[in-house]
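Chemist: If you scroll down you'll find the structure; I have some questions about it.
The values are calculated or read from the model by the stated rules, or taken from the named source; none is laboratory data. Computed from a predicted structure; not experimentally measured. These area figures cover heavy atoms from the full protein model, side chains too; ligands, DNA and RNA do not enter into them. Shrake-Rupley method; radii C 1.70, N 1.55, O 1.52, S 1.80 Å.
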Amino acid sequence: KTVHDHPEMERMLSDIESGEIQGLIFSSLSRLARKKSTLEKISETFKKHQAAMVCLDQGFDTSTHAGELFYSILAAFVEFEGNVISERVVASVPVRAKMGKPLGGQAPYGYRYENKVLVIDETEGPIRALLYTLYREHGRKKKVASVLNERGYRTRNGSPWSDTTVERLLRDPTAKGKKRTNYTKQTTSGGAWQLKPESEWVYQDVPALVDEALFDEVVAKIG
């Protein structure tokens, strides 16, 4: 949906402004952008610098008045189509979650996907389980992170452990066999994520790394 900050889009517009290219040939308007305002902005830039836009599938050329009109009409339909697709995707998320299907993204630390099924990772699993044992023993997140680092353990991306990462993983119920899904939403395209109402959360049964009693004890201590 958002292409105005894309490096190749910026390069193309710069080439139009400098006269390096005199027009753009593209397959379909929806492949150029999916927001009417973005398409109009692109069209204005092309028109200002007397550059043409030629669409192969819809068969128009903005170097003509008729082509300009057709472009404006199609831009509205392209945005409508994009919004409909987005609504369908959003609506399918809770359904797929309740069916136990993966919703994309990385597997939680301690797990990996095998044939689209979440299984315990042989390397990360024991380390994540160790988090709970260490926290029950020391009662401090920074101490747990320190012990893990001293033993040479690192996070998935190779970074040292921090108290923030430790707390996030300790609170995640996946470790006790309940993977939480459909619990966040993005406020705007590219915006911040926020929690959905708990009534919309979906839990999927997965292999547990620690027993539920230990999990609940640790989370209660964190507060």
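Chemist: Determine how large the accessible area of residue 216 is when every protein chain is in place; take a 1.4 Å probe and give Å² rounded to the nearest 10.
Modeler: Roughly 70 Å² of residue 216 is accessible to a 1.4 Å probe.
Chemist: Follow-up question, since we're still on this one. Taking amide hydrogens as modeled 1.01 Å from N in the peptide plane, which residues meet the under 5 Å criterion relative to residue 161, leaving out close sequence neighbours?
Modeler: Residues meeting the amide H criterion: 149, 155.
Chemist: Ranked from the most accessible area to the least, with a 1.4 Å probe and all protein chains present, what is the order of 30, 199?
Modeler: 199, 30
Chemist: Counting only heavy atoms of protein chains, what accessible area per residue, in Å², does region 111-223 have with a probe of 1.4 Å?
Modeler: Per residue, region 111-223 has 59 Å² of solvent-accessible surface.
Chemist: Additional query: Under 5 Å between amide H atoms, partner at least 5 residues away or on a different chain: which partners does residue 24 have, H built in plane at 1.01 Å?
Modeler: 52, 53, 54
Chemist: Give the ranking of 111, 203 by solvent-accessible surface, highest area first, calculated with a 1.4 Å probe.
Modeler: 203, 111
Chemist: From the phi of every residue in region 119-128, what ³J(HN,Hα) in whole Hz does the Karplus formula 6.51 cos²θ - 1.76 cosθ + 1.60 yield, where θ is phi - 60° and glycine or proline is x?
Modeler: So the J values, rounded to whole Hz, are 10, 6, 7, 5, 8, 7, x, x, 5, 5.
Chemist: Please turn the phi angles of region 210-222 into ³J(HN,Hα) values with the Karplus equation 6.51 cos²θ - 1.76 cosθ + 1.60 (θ = phi - 60°), one per residue in order, whole Hz, x for glycine and proline.
Modeler: For region 210-222, the Karplus curve yields 9, 6, 4, 4, 5, 4, 5, 4, 5, 4, 5, 5, 5 Hz.
Chemist: Given H placed 1.01 Å from N in the peptide plane, which residues other than close sequence neighbours of residue 111 have an amide H under 5 Å from its amide H?
Modeler: 121
Chemist: Would you check the accessible area of residue 169, probe 1.4 Å, heavy atoms only, in square angstrom rounded to 10?
Modeler: Estimated to the nearest 10 Å², residue 169 gives 10 Å².
Chemist: Accessible area of residue 6, 1.4 Å probe, to the nearest 10 Å²?
Modeler: 90
Chemist: Step through the residues of region 166-173 one at a time and calculate ³J(HN,Hα) from phi using the Karplus curve (6.51 cos²θ - 1.76 cosθ + 1.60, θ = phi - 60°), rounding each to whole Hz and writing x for Gly and Pro.
Modeler: With the stated coefficients, region 166-173 comes to 4, 5, 4, 6, 5, 7, 6, x Hz.
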